[in-house]
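Read through the structure below, which is laid out as structure tokens, and then see the notes.
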Amino acid sequence: MGLTIAQKIIQSHILSGDMFTPGSEIALKIDQTLTQDATGTMAYLEFEAMGIERVKTEKSVAYIDHNTLQSGFENADDHRYIQSVAKKHGIFFSRPGNGICHQVHLERYGIPGKTLIGSDSHTPTCGGIGMLAMGAGGLDVAVAMGGGPYYINMPKMYKVILKGKLRDGVAAKDISLEILRILSVKGGVGAIIEWGGEGIKTLSVPERATITNMGAELGATTSIFPSDETTREYLEAQGRAEVFVPLESDPDAVYDKIVEIDLSSLEPLAACPHSPDNVTEVKNLSSIKVDQVCIGSCTNSSLRDMLRVAAILKGKTIAPSVSLSISPGSKQVLMMLADCGALSDIIASGARILESACGPCIGMGFSPNSGGVSLRTFNRNFEGRSGTADGQIYLVSPETAAASALSGYITDPRTIGEIPPIEMPERFRIDDRGTLAPADLAEAPAVEILKGPNIKEIPVGEALGDTLMAPLTLKVGDNITTDHIMPAGSKILPYRSNVPYLSQYCFGVCDKTFPERAKATGKSIVVGGINYGQGSSREHAALVPLYLGVKAVVAKSFARIHAANLINAGILPLTFENSDDYDRLDQGDSLSIRGIHAGFENGKWILSDETKGIEIPLVFTFTQRQKEILLAGGLLNYTKSEE
């Protein structure tokens, strides 16, 4: 039996486990890591807690791209801390303004056939060049930097076969939205999605990267394209031809699911509020007036995307009712836009140029007006994520976004006439001065770690007892995201290194009274629905509940990264054996789980509702390692005990 692309990379990196049994735990050697500043501070605090002097990966990069709005000392202090810890411990430091981590890593550091994990759920962007790139919690990244393996359950293998060619005005973003319409935000859970077929030959690396980036919204472990001639040309244009290796699946590789998409039949699509899989044709939305348009993010901020937007805007003026922001994905993109004159075309249209950072995607500025309709080329449109609680966020392609900015209404870009062709350069402008190399081994001991007053201690779990008795302090529904659990935004993100302060916002989107009630009870159990914890990889969505006393989360099902983060924090994740039992529980009920340790042996537990006098069966499959982590009270405790 032949191997898929992902299976080939796994086979060359596996340290333990059975890669031919989906669902079984495997351990992988990690070649590269990346962090960003919203999750990086915690990851490096955790790395320091391990007492390892030097990272052991081939390349680790710390990016500053999320918390770049410095309205107080907090973000600047965190950046200074990350820069100092990176210099001391062998990590490359990408300065503020150098660009969004996924765009820069694709341009300058990604390598086909290598493994990469990052403390950001959109790390699979580098799958666009044939890299096995996965989002992970910060603690998992810290362990990998220290030379430890990364553990996952062996994914299933899905394949999406592309046929035909996109018509003018239809973009790679529309392919991403189409697969979300087909599979849903939980359709990729437990799977790696490989993209193939003759249609991929028509897609550039930036287009492929858009698709692998958006694979995170499917819940997939990662997404990956072959490393082919298109990949080689892109790496050569980046001055990195030497890292190219060809990589493709075997003709007789076996897949658990195959989906076919005819590119020639696709139309411009939009994800409507408030989920990336709430997808319809743009032509169905033409009566909707637009207040704001945001073009950029790690999904659609490449030079190709920006040149397409500039071509549409050239010589035109945006509608009086529209506010348009442009966020180039990297310093390289911004400089090349300036060099060729495209930046002037964009500015002349009335657009506002933001720095090369995540910005509006995480609610870090440029929030829409009250109830405003905002078209965004981003990857998520969760309720409140924009920074405006009642903002109506639509996800679209750069072409649709630009056309809509001109008309003032959601507009199919095919209706504005032929889009002028763009010409991509044979060589990208190479300037790596925005990335600082770490100190060498001789200099490193003298480097001082600089911590500001906003950096507080990491909450650490306690050994898991055999009995848990706690009230059901919060009951939430399906598809609860990490944005629900631990919101982002300019008012909150500066406190990512200050869990006590951050805790007052926990579950604020669902119930603003939760933090105080959780503190009052001391111990808590949270109950959720399907796909609990989808979205961002932020481990704060586990660490902050840990700080507030959450000891267990019972849900219908969990998103992969969040379940791992809960275990790493020492919080017990369990699922209903019968999902209908979710309806039998009410917020405020007194609950108990007894015989927890024995339950690890057979994967079964009984949840007793002491208020109602009923018993509900629970299940979960833990690996031996996960059991030991939970019994130790989290991965930090477990790691220290293994030393």
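The values are calculated or read from the model by the stated rules, or taken from the named source; none is laboratory data. Because the structure is a prediction, the values reported are computed rather than measured. All Cβ positions, glycine included, derive from the backbone under ideal geometry; neighbour counts span all protein chains shown.
Overview of results
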read-out: Inter-residue pairs, beta-carbon under 6 Å, first assigned to a loop (DSSP other than H, G, I, E, B) and in the range 306-321, second crowded, with 24+ Cβ neighbours inside 10 Å, 6+ apart; value: ILE318/LEU324; ILE318/ALA405
read-out: Checklist (1) in a loop (DSSP other than H, G, I, E, B); (2) in contact (Cβ under 8 Å) with a residue 24 or more places away in the chain; (3) within 30 Å of MET50 (Cβ to Cβ); (4) acidic (Asp, Glu) applied to ASP440, failing item; value: (2)
read-out: Residue that is surrounded by fewer than 16 Cβ atoms within 10 Å (Cβ to Cβ) and aliphatic (A, V, I, L, M), where the choices are ALA319, ALA348; value: ALA348
read-out: Within the range 279-305, tally of residues that are touching a residue at least 40 places away in the same chain (Cβ under 8 Å) and either among the polar types (S, T, N, Q) or under 17 Å from ASN213 (Cβ atoms) (or both); value: 16
read-out: Lone qualifier among ASP466, ASP390 - being touching a residue at least 24 places away in the same chain (Cβ under 8 Å), touching a Gly at 6+ places or on another chain (Cβ under 9 Å), farther than 21 Å from LEU266 by Cα and in a loop (DSSP other than H, G, I, E, B); value: ASP466
read-out: Qualifying residue in the range 552-561 (condition: among the charged types (D, E, K, R), at pLDDT 95 or above, more than 19 Å from THR621 (Cβ to Cβ) and surrounded by fewer than 24 Cβ atoms within 10 Å (Cβ to Cβ)); value: no
read-out: Hits in the range 566-596 - residues which are part of a helix (DSSP H, G or I), buried (at least 16 other Cβ atoms within 10 Å of the Cβ) and more than 22 Å from the chain's Cα centre (by Cα); value: ASP581, TYR582, ILE596
read-out: Test for ILE346: is it touching a strand residue (DSSP E or B) at 6+ places or on another chain (Cβ under 6 Å) and in a helix (DSSP H, G or I); value: yes
read-out: Test: ALA27 is outside any helix (DSSP H, G or I) and in contact with a strand residue (DSSP E or B) (Cβ under 8 Å, 6 or more places away or on another chain); value: yes
read-out: Options PHE73, PHE92: the member that is modelled with pLDDT under 95, in contact with a Pro (Cβ under 9 Å, 6 or more places away or on another chain), aromatic (Phe, Trp, Tyr) and in the same structural domain as ILE152 (by TED's automatic domain parsing); value: PHE73
read-out: Single residue of ALA520, ALA542, ALA563, ALA552 found to be part of a helix (DSSP H, G or I), among the small types (Gly, Ala, Ser) and out of contact with any Gly (no Cβ under 9 Å at 6 or more places or on another chain); value: ALA520
read-out: Any hit, the range 621-634, residues being assigned to a strand (DSSP E or B) and within 22 Å of ALA563 (Cβ to Cβ); value: no
read-out: Tally, over the range 417-440, of residues that are modelled with pLDDT of 95 or more and not polar (S, T, N, Q); value: 13
read-out: Only listed residue being hydroxyl-bearing (Ser, Thr, Tyr), surrounded by 17 or more Cβ atoms within 10 Å (Cβ to Cβ) and within 20 Å of ILE362 (Cβ to Cβ), chosen from SER301, SER227; value: SER301
read-out: Residue count, the range 136-151 (criterion: crowded, with 24+ Cβ neighbours inside 10 Å and either under 18 Å from ILE567 (Cβ atoms) or not assigned by TED's automatic domain parsing to the domain that holds LYS88 (or both)); value: 9
read-out: Segments classed as strands (runs of 3 or more DSSP E), wholly inside the range 64-159, with at least 2 members that are over 21 Å from CYS298 (Cα atoms); value: 150-153
read-out: GLY188 vs. criteria free of Cβ contacts under 8 Å to residues at least 40 places away in the same chain, over 27 Å from GLU448 (Cα atoms) and assigned by TED's automatic domain parsing to the domain that holds ARG54; value: yes
read-out: Which listed residue is under 21 Å from GLN238 (Cα atoms), surrounded by fewer than 24 Cβ atoms within 10 Å (Cβ to Cβ) and not basic (Lys, Arg), from PHE73, PHE93, PHE20; value: PHE93
read-out: Boolean, ALA49 is more than 21 Å from the chain's Cα centre (by Cα), in the same structural domain as THR222 (by TED's automatic domain parsing), part of a helix (DSSP H, G or I) and touching a residue at least 12 places away in the same chain (Cβ under 8 Å); value: yes
read-out: Residue satisfying condition, being in contact with a Pro (Cβ under 7 Å, 6 or more places away or on another chain), under 21 Å from THR125 (Cα atoms) and not acidic (Asp, Glu), within set VAL160, VAL170; value: VAL170
read-out: Test: residue in the range 14-33 that is in contact with a Cys (Cβ under 7 Å, 6 or more places away or on another chain) and not assigned by TED's automatic domain parsing to the domain that holds MET364; value: no
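Per-residue answers, yes or no, for (1) touching a Ser or Thr at 6+ places or on another chain (Cβ under 7 Å); (2) in the same structural domain as ILE26 (by TED's automatic domain parsing); (3) acidic (Asp, Glu):
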{"residue": "ALA555", "(1), (2), (3)": "yes, no, no"}
{"residue": "ARG560", "(1), (2), (3)": "yes, no, no"}
{"residue": "ILE571", "(1), (2), (3)": "no, no, no"}
{"residue": "ASP586", "(1), (2), (3)": "no, no, yes"}
{"residue": "ASP589", "(1), (2), (3)": "yes, no, yes"}
{"residue": "GLU610", "(1), (2), (3)": "yes, no, yes"}
{"residue": "GLN624", "(1), (2), (3)": "no, no, no"}
